[in-house]
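Data block below; observations after.
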Amino acid sequence: MYEFYNVAMNDIDKSANLPRHVAIIMDGNGRWAKERGKPRIDGHIEGSKRIREVLSAASECGVKYLTLYAFSSENWNRPKEEVDALMELLKNTIREHSEDFIKNKVRFRTIGNVGKLPSNCVELLEKLKEQTKNFDSATLILALNYGSRDEICRAVKNIIQDAAGKKIDPEKIDWPVISSYLDTDAIPDPDLMIRTSGEMRLSNYLMMQAAYAELYFTKTYWPDFGRDEFIKAVKEYQRRERRYGLTTDQLKK
Ligand code: FPP
């Protein structure tokens, strides 16, 4: 087993062209459960187990930032039973992994309107953020009550307030200024965006930040997306040529 893992990891060129930031849409938990005749929440529980495995594969590859879409601003519309179960799972996941984060010096961050989550979730999240804020070996970012459009609305309100309070000059508003008002302030843009389960859309996830991200779609459901699948996605990324609007010849110069 281990030998196979090592071969896969060795295929990655760690000296060049590594994604610094990988963002994942963890999709397919419900279908994974349905195909096994289990309740949807069992798919989420199995999916939550992949978080640690993928974080560990990411740090081994040298990926510095991993952002996971755990709960979207639209997910509140799911049946109450499922929303409650997801909140419970969030608390359990944080409790279970807190010591691991600290031991491995992983910084924990969130994006999204986290203040609107149940207060006992907020307390756990804030505590772990505080405990890990000075770590820099890797950063795990959970997107919770996150949606790009909601993020933009909150950013615009703050920009307008700061312009009215003369803290910023409207004439000098450019992309770096706007970007500093987003939840992802000080986090580099994702280089690679992965969506599992065969769906091919971005679903209001990091829409501005992923402007130049390489997109990778796989049919594998999130509960089946483990270490090998992550390495496969990074290898595919390393084969791509990112041109940022330039030509291939220009890149060679
Ligand atoms: C999408 O699958 C997944 C989610 C909406 C939640 C993701 C949650 C986890 C991976 C578990 C960990 C949870 C937390 C909160 C840390 P889906 O339910 O849309 O699957 P389907 O498209 O097959 O129905």
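The values are calculated or read from the model by the stated rules, or taken from the named source; none is laboratory data. Computed from a predicted structure; not experimentally measured. Please note: Cβ atoms are built from the backbone with ideal geometry, for glycine as well, and neighbour counts cover all protein chains shown.
Restrict the check to segment 47-58 and report whether at least one residue is closer than 13 Å to residue 117 by Cα and outside any loop (DSSP other than H, G, I, E, B). The answer is no, given that none of the residues of segment 47-58 is closer than 13 Å to residue 117 by Cα and outside any loop (DSSP other than H, G, I, E, B). Of the residues making up segment 176-194, none is within 16 Å of the ligand (Cβ to nearest atom), at positive phi and modelled with pLDDT of 95 or more. Which numbered condition trips up residue 194, out of (1) surrounded by 17 or more Cβ atoms within 10 Å (Cβ to Cβ); (2) out of contact with any strand residue (DSSP E or B) (no Cβ under 9 Å at 6 or more places or on another chain); (3) of a type in the set (Val, Ile, Thr)? Tallying (1) surrounded by 17 or more Cβ atoms within 10 Å (Cβ to Cβ); (2) out of contact with any strand residue (DSSP E or B) (no Cβ under 9 Å at 6 or more places or on another chain); (3) of a type in the set (Val, Ile, Thr), residue 194 fails exactly one: (2).
Just one of the listed residues (119, 137, 72) is loosely packed, with under 13 Cβ neighbours inside 10 Å and touching a Ser or Thr at 6+ places or on another chain (Cβ under 9 Å), namely 137. Annotation note: of 9, 26, 1, the sole residue that is modelled with pLDDT of 95 or more and among the hydrophobic types (A, V, I, L, M, F, W, C) is 26.
Set side by side, the residues 54, 106, 63 differ, and just one is over 18 Å from residue 225 (Cα atoms) and in contact (Cβ under 8 Å) with a residue 12 or more places away in the chain, which is 106. Go through segment 71-109 and give me each residue that's in contact with a Phe, Trp or Tyr (Cβ under 8 Å, 6 or more places away or on another chain) and among the polar types (S, T, N, Q). Passing the criteria: 72, 73.
Summed over segment 104-127, the residues that are farther than 18 Å from residue 54 by Cβ and either out of contact with any helix residue (DSSP H, G or I) (no Cβ under 9 Å at 6 or more places or on another chain) or not in a loop (DSSP other than H, G, I, E, B) (or both) give a count of 12.
Considered as a group, the residues in segment 52-85 that are β-branched (Val, Ile, Thr) and within 27 Å of residue 19 (Cα to Cα) include one that is nearest to the ligand (Cβ to nearest atom), and that residue is 54. Within segment 9-35, if we keep just the residues that are of a type in the set (Gly, Ala, Ser) and within 16 Å of the ligand (Cβ to nearest atom), the residue that is surrounded by the most Cβ atoms within 10 Å (Cβ to Cβ) turns out to be 23. Checking each residue in segment 92-112 for being away from the ligand (no atom under 15 Å from the Cβ) and under 23 Å from residue 148 (Cα atoms) picks out only 107.
Number of residues in segment 78-101 that are touching a Leu at 6+ places or on another chain (Cβ under 8 Å) and of a type in the set (Val, Ile, Thr) equals 1.
If only one of 93, 67 is β-branched (Val, Ile, Thr), within 23 Å of residue 126 (Cα to Cα) and not in a helix (DSSP H, G or I), which one is it? So that I can check it myself, show each step before the final result.
Values: 93 fails: not in a helix (DSSP H, G or I).
The match here is 67.
When segment 36-51 is filtered for residues that are more than 7 Å from the ligand (Cβ to nearest atom) and either polar (S, T, N, Q) or free of Cβ contacts under 8 Å to residues at least 24 places away in the same chain (or both), the ones remaining, listed by number, are 36, 37, 38, 39, 42.
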